[in-house]
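The values are calculated or read from the model by the stated rules, or taken from the named source; none is laboratory data. Everything quoted here is computed from the prediction, not taken from an experiment. Methodologically, a virtual Cβ is constructed for each residue, glycine included, from the backbone with ideal geometry; neighbour enumeration extends over all protein chains shown. Calculation scope for accessible area: heavy atoms of the full protein, side chains included, ligands and nucleic acids excluded. Shrake-Rupley method; radii C 1.70, N 1.55, O 1.52, S 1.80 Å.
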Amino acid sequence: MTSSHFRRKDIISDLPRNIIESILQLMPVRDAARTSILSTKWRYIWTTISQLVLDNQFFEKTLRIKPIVQLELANAVEKILLLRNGPIQKFVLCLPVILFSGRSDIDHWILFLSRNGIKDFTLDNSTNTPYEMHSCIYSCRQLTQLKLINCILNPPRELSGFQNVIELHFGRVAFGKNMLRTLLSRSGLLEMLIIYDCSGIGHLNIHARNLKVFVLARNNGVESLSFVDTPKLWCCSIALGMKMESLLRGKTPSSLDFLADLPRVSNLHLDSFFLELLTADGGLRSHPTRFTLLRSLAFHTMTFSDVVVISCTLLLIQSCPNLTKLYIRFCPTTNTFEEQVVNYLEAPACMDQSEQTLAKLLSVNIDYLRGLKPQLLLIKLLLACSPKLETLFVGLSSQLNESEGFKISKELSQFRRLSPRAAVIY
């Protein structure tokens with residue numbers, strides 16, 4: 001028998017080309033490039049993969065022998081782009097924390113991408129200087145996903161791109177005046193919009209018939225917020241992160257208008273500052289509405305300094321007959337409360353304690369519990385009004401010692417539970 005009979009068959013190399021490319025796309029770019037030394041057949045395969053992820057891990061491994069400096073970083077990116085053979089559909093660039101002033105380099109890379117069929121682009125800029133986005137990004141007609149962190153956006157008023165954008169993700173982005181509105185007006189197919197720690201937002205009037213997920217958190221310069229036409233929106237998260245006095249009064253819709261404009265929302269997240277804004281008009285209490293589609297409700301940075309906000313929070317919870325999940329995150333930096341709030345929570349009429357109140361609630365998650373009296377009273381109410389509750393998750397504040405934590409758990413164990421299956425998990 002000849003030696004050829006014993007020669008091992010190269011199963012991987014004999015795979016169809018599209019399968020090999022799919023495998024390489026799942027590998028880090030550096031490892032994919034190293035397959036070029038396997039054989040002449042493999043030499044250029046990696047140059048045809050359409051998804052490139054140059055993240056922090058890539059730069060740490062690629063430049064680990066030397067310090068990460070501007071010239072070396074630019075050369076690494078440049079070499080990968082110049083070796084490309086074919087369209088680049090996805091490109092992720094995470095600039096590490098270095099002193100990097102290569103705006104012209106980034107301009108050149110984005111211009112290259114805009115001419116090579118880019119569909120999914122991420123620029124996560126961790127350098128000290130915000131990057132002002134090159135104008136060519138606004139003409140990318142094939143772009144479907146865009147994620148920008150630590151950038152400046154000043155798009156032209158007439159855009160030729162963004163018609164096919166499905167996801168927009170902005171973090172620490174400075175917008176020119178009313179520029180965000182210009183971008184959104186072009187994004188008729190938009191399904192996901194995430195905006196956090198941004199500035200210069202101005203009037204945010206959401207008119208997106210395909211929008212499904214909306215997140216607005218800790219932004220500066222929000223002058224107004226409204227949802228004009230969002231029939232598919234199912235997840236909405238709004239955290240102002242600032243006092244209501246910081247907003248221009250009279251330009252934010254009332255609670256009734258706001259909630260009525262979200263007809264299909266099943267997942268709603270609000271922080272205490274936005275709740276304060278919603279309850280300022282008294283609409284929730286004077287005209288109670290039932291939100292039958294809401295399944296998951298979350299309140300962030302909850303404080304007990306305003307009895308009106310607390311009463312309307314409870315009213316909102318009771319107005320969701322199909323609610324299954326409730327998340328409450330207490331403010332970790334506040335250890336004071338108003339006695340009026342305690343009196344309200346102790347009143348028998350504070351919450352309807354019939355078995356129909358929270359008839360479908362299965363899970364409650366409490367975070368940053370410090371054992372304040374109103375916090376415990378709220379938990380007591382929830383346990384007493386939830387006939388099908390299965391789990392109460394309790395996250396204690398890290399500021400508590402072991403003895404304080406034990407005291408809280410002992411007190412919680414004595415609360416009456418309407419559901420015989422309700423378990424408390426710390």
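Pairs linking a residue in segment 306-323 that is more than 15 Å from residue 344 (Cβ to Cβ) to a residue that is hydroxyl-bearing (Ser, Thr, Tyr), with Cβ atoms under 6 Å and 6 or more positions apart or on different chains, are 322/292. Here residue 104 meets each of (1) assigned to a helix (DSSP H, G or I); (2) modelled with pLDDT under 85; (3) open to solvent by 70 Å² or more (accessible area, probe 1.4 Å) with one exception, condition (2). Every listed requirement among (1) of a type outside the set (Phe, Trp, Tyr); (2) closer than 27 Å to residue 317 by Cα; (3) at pLDDT 80 or above is met by residue 259 save one, (3). The residues of segment 384-424 that are within 21 Å of residue 301 (Cα to Cα), among the aliphatic types (A, V, I, L, M) and touching a Phe, Trp or Tyr at 6+ places or on another chain (Cβ under 8 Å), listed by number, are 394, 396. Filtered by the rule that a residue be open to solvent by less than 50 Å² (accessible area, probe 1.4 Å) and charged (D, E, K, R), segment 329-369 gives a lone residue, 367.
Regarding segment 331-354, can at least one residue be identified that is closer than 19 Å to residue 304 by Cα and in contact (Cβ under 8 Å) with a residue 60 or more places away in the chain? Before the answer, list the steps.
Here is the first cut: in segment 331-354, the ones closer than 19 Å to residue 304 by Cα are 331-351.
So of that shortlist, the ones also in contact (Cβ under 8 Å) with a residue 60 or more places away in the chain come out as 332.
Checking segment 331-354: at least one residue is closer than 19 Å to residue 304 by Cα and in contact (Cβ under 8 Å) with a residue 60 or more places away in the chain.
Among the residues of segment 318-328, which ones are within 25 Å of residue 273 (Cβ to Cβ) and either open to solvent by less than 30 Å² (accessible area, probe 1.4 Å) or among the aromatic types (Phe, Trp, Tyr) (or both)? Passing the criteria: 319, 320, 323, 326, 327, 328. On the stretch given as segment 332-354, residues that are at pLDDT 90 or above and under 17 Å from residue 276 (Cβ atoms) total 3. Hey, residue 141 hits all of (1) part of a strand (DSSP E or B); (2) of a type outside the set (Asp, Glu); (3) touching a Phe, Trp or Tyr at 6+ places or on another chain (Cβ under 9 Å); (4) open to solvent by 20 Å² or more (accessible area, probe 1.4 Å) but one; which does it fall short on? Every listed condition holds for residue 141 apart from (1).
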